[in-house]
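The values are calculated or read from the model by the stated rules, or taken from the named source; none is laboratory data. Predicted model, so just to flag it, every value in this text is computed and none were measured. Cβ atoms come from the backbone with ideal geometry, glycine included; neighbour counts cover every protein chain shown. In case anyone asks, the SASA skips ligands and DNA or RNA and just uses the protein heavy atoms, side chains included. Shrake-Rupley method; radii C 1.70, N 1.55, O 1.52, S 1.80 Å.
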Amino acid sequence: MIQVRLPQEATLADALRLLGLSEEDADADYGLVAVAPGLQVLRVTEEAAGRVSRDLADDVASVFADPRVEPQEPGEPGEPRDA
């Protein structure tokens, strides 16, 4: 997951161009999501995130983990107990 500073009207193509990434590096179905004025996020491959983290300053783009979230099975740790 990459957070990038872009104008509100920016597109996924604009973000990819700024970050030096290709369409294959990004999840087009996820798209570009505005999280605050001038701040957008996009989902990218792990390799692309590594390149951005190495090549761009934090004031342009920040890389965040995007862990898979799956439902828990009954009895797994963290599940509320019956009262």
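Structure data summary
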quantity: Residue within segment 62-74 that is among the hydrophobic types (A, V, I, L, M, F, W, C), open to solvent by 50 Å² or more (accessible area, probe 1.4 Å), in a loop (DSSP other than H, G, I, E, B) and modelled with pLDDT of 75 or more present; calculated: yes
quantity: Output for segment 1-53, where each listed residue is open to solvent by less than 60 Å² (accessible area, probe 1.4 Å), outside any loop (DSSP other than H, G, I, E, B), of a type in the set (Gly, Ala, Ser) and touching a residue at least 24 places away in the same chain (Cβ under 8 Å); calculated: ALA15, ALA48, ALA49
